[in-house]
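One structure is given below, represented as structure tokens, and several questions about it will come after.
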Amino acid sequence: EAGVAQSPRYKIIEKRQSVAFWCNPISGHATLYWYQQILGQGPKLLIQFQNNGVVDDSQLPKDRFSAERLKGVDSTLKIQPAKLEDSAVYLCASSLDTGAMVAGGQSTDTQYFGPGTRLTVL
Amino acid sequence: GENVEQHPSTLSVQEGDSAVIKCTYSDSASNYFPWYKQELGKRPQLIIDIRSNVGEKKDQRIAVTLNKTAKHFSLHITETQPEDSAVYFCAAGFANAGGTSYGKLTFGQGTILTVHP
């Protein structure tokens, strides 16, 4: 099956500029996540969508970050205005999330990650 | 909220040796513990996961153990190979097999594993 798609793969901007990232999850996956991964750290959840509704955005800096998932499929994450500390890889992940087990014993909760967008803020 | 601590931060072994990475979590409600492998410049990929209703799970050279009482879980890699070199992340979250899964994962800081030929 096709994996999670993200674009762009790389982005360099000046501080105070705006930037947007796009994510296309695996077909049929109900849940979509945006993570921020700063160099040398584990991914940190920014926002979680279940279909087109927000489940958790407690760690999203809402004064500058926004995200939407119109029609419950693709999603965009925006930063406006960007700061130096926003330099990171932004990972999108999706999961099927029906609560059932699938063949092979793997849960539908398994999160599959996209390749990420590496953002550099100068 | 959940807090996950992972140790060691770096681990260097000789090919054929075993490697063990340990994680602790703080939220007793967490019941789902996946491990991800991330090669340089690539996406994290799930290698194994465990739920709180089992204490151990194996998949070929990889095993994960879980101690719910102590709130810690470990990844064991046997007969390590150079291609096992990567960053490994543990995570903890809540997954509800019977209904809506909240799915939120909290990740550890990562362990850089280097396997020397």
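How high is the relative contact order of chain B, given as a whole-number percent (alpha carbon pairs under 8 Å, six or more residues apart)?
Result for chain B is 36 percent.
At a threshold of 8 angstrom on Cα-Cα distance, excluding pairs fewer than six apart, so keeping six or more, what relative contact order does region A:9-122 reach in percent?
35 percent
Sequence neighbours fewer than 8 away in the same chain don't count; with that in mind, list the lysines whose C-alpha is under 18 Å from residue B:57.
Result set, ordered by chain and number: B:22, B:37, B:68, B:71.
Assigning unit charges at the beta carbon (Lys, Arg +1; Asp, Glu -1) and nothing else, what dipole magnitude in debye, to the nearest 20, does the protein assembly as shown show about its Cα centre?
That gives the protein assembly as shown a dipole magnitude of about 560 debye.
Also, quick follow-up: Report the dimensions of the protein assembly as shown along its three principal axes from the alpha-carbon atoms, largest first, rounded to Å.
49, 42, 34
Still on this structure: Which ordering of A:23, B:90 is given by a fewest-first count of other beta-carbon atoms within 10 Å?
Least crowded to most crowded, the residues run A:23, B:90.
Here is a further query. How large is ³J(HN,Hα), in whole Hz, for each residue of region B:82-92 in order, when computed from phi with the Karplus curve 6.51 cos²θ - 1.76 cosθ + 1.60 and θ = phi - 60°, using x for Gly and Pro?
x, 6, 7, 4, 4, 9, 10, 10, 9, 8, 9
In units of 2.2 N^0.38 Å, what is the alpha-carbon radius of gyration of chain A?
Normalised Rg, Cα atoms only: 1.05.
Just so you know, all these numbers are worked out from the coordinates, no wet-lab data involved. This structure is a prediction, so every number in the text was calculated from the model and none was measured. Glycine also receives a Cβ, built like all others from the backbone with ideal geometry; neighbour counts cover every protein chain displayed.
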